[in-house]
Amino acid sequence: MKKRLFSVVVPVCNEADSLERLYRELCTVFESVPYEPEFIFVDDGSTDASPHILQQLSVGDTRVKYIQFSRNFGKEAATSAGLSYARGDAALMIDADLQHPPQLIPEFIEKWEEGAEIVVGIRRPRAAESFLRRTGSRMFTAIMNMIGDSYAPQGSTDFRLLDAAIIKAFRAFTERGRMTRALIDWLGFKRAYIHFDAAERSDGSARYRYGGLARLALTTIVAHSRLPLRLAGYLGALIIFLAGCLGLFVIIEQFMLGDPLHIEVSGTAMLAIMILFLNGIVLVSLGLMSLYIGTIHEETMHRPLFVVRRILNIEE
Ligand code: UDP
Ligand code: MG
């Protein structure tokens, strides 16, 4: 009987020190599971020996597929490329730096065989990680869950298994500013979780610098939430309300009742109230405009209108 195909997608950026070990561990894992693997390595513009090593591996083993980018396009592009070439009944995304333990792959496969369409690796909090990075990522997840269009539990990572149906749906995304993880969460489908302890990075420091992380966070927020756009409008509405109340009070108290409370509102104060009111109107107009911009944004992303799990009795 022919074994079913299982894809492993690995984005690689200057990981020469860990690639061979990762490859060996992957091989060991797939000796004990009933799937034929394909290892898709995407070299995201490495400047070290990674391309050389990957080429060697692909010469020695036809299960190793190798895609080399012309320069660094970022991890999100690399995983997208890998997924677009994945032919398996399922694909697993895994980091090249051995922070995602390959020994857990059988557990991922087990959950998938039990019916989960996405199996997400959840990383337990790590003491070794810097305070800024840890709180930063916690806050980011919390904010995205509050204002975003999908839900992700704290600690969810790119270490995940995707069913072929999801890979197919994922290929329909055409938007450029993307965070693979958030897009996959947006797709829905049946999920299962596996908790794991991230190993220390096998060498050097994380390839993402804080600046890069902040940029990715902004991209994700813009792609998955319209709240920032609407903020101006909400603020404007609040200001109009406050200035309106103040203005009404002044008009009634000063001019209609003849200042019975002896406040003697100065001309400057009245001017201030008027300016505040007008600023509120400007902000609300901005908010209205951003509603249209938001719609344009949504249209240009060309997200699929719906995502299908399966179709029966209809030819595709
Ligand atoms: N990576 C990549 N392109 C980049 C940065 C990172 O392909 O521009 C890969 C990297 O080789 C690794 C994975 O993405 O396999 C995760 O990178 P890193 O360990 O730096 O991120 P973190 O563990 O902090 O999420
Ligand atoms: Mg890492």
Dipole magnitude (debye, nearest 20) for the chain, charges at Cβ of Lys, Arg, Asp, Glu: 200
Candidate lysines for bridging to Lys65, where Cα separation is under 23 Å - those fewer than 8 sequence places away on the same chain excluded: Lys2, Lys3, Lys75, Lys168
Thr174 paired with Leu291, simple spin-label distance in nm, labels 7 Å along Cα-to-beta-carbon: 2.8
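Under the definition of Cα pairs under 8 Å and six or more residues apart, what whole-number percent is the relative contact order of the chain?
Values: 467 pairs, mean separation 54.6, N = 316.
Taking the mean separation of contacting Cα pairs over the length of the chain, I get 17 percent.
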Compactness relative to 2.2 N^0.38 Å, alpha carbon Rg of the range 173-316: 1.78
Mean accessible surface per residue for the range 50-174, computed with a 1.4 Å probe while every protein chain stays in place, in Å²: 46
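Computed over the Cα atoms of the chain, what is the convex hull's projected area averaged over all directions, in nm²? Working shown, then result.
Numbers: hull surface 95.5 nm².
Dividing the Cα hull surface by four gives the mean projection, 23.9 nm².
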Extended-chain gain in nm, criterion 0.36 nm per residue less alpha-carbon gap, Leu231 and Asp149: 27.9 nm
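With n ≥ 4 as the cut-off for DSSP H runs, can you work out [θ] at 222 nm for the chain, using -39500 (n - 2.57) per run divided by the number of residues, rounded to the nearest 500?
-16000 deg cm²/dmol
Rounded to the nearest 0.05, what FRET efficiency is calculated for Val282 and His262 with R0 set to 41 Å and r the Cβ-Cβ distance? Don't skip to the answer; put the middle values down first.
Numbers: r = 34 Å, r/R0 = 0.83.
Efficiency, rounded to the nearest 0.05: 0.75.
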Added length on full extension, which subtracts the Cα-Cα distance from 0.36 nm per residue, Arg309 to Leu218: 29.7 nm
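The values are calculated or read from the model by the stated rules, or taken from the named source; none is laboratory data. Nothing here was measured: the structure is a model prediction, and the numbers come from that model. FYI the Cβ positions are ideal-geometry reconstructions off the backbone, even for glycines, and counts take in every protein chain you see. Quick note on the areas: whole protein, heavy atoms, side chains included, nothing else; ligands and nucleic acids left out. Shrake-Rupley method; radii C 1.70, N 1.55, O 1.52, S 1.80 Å.
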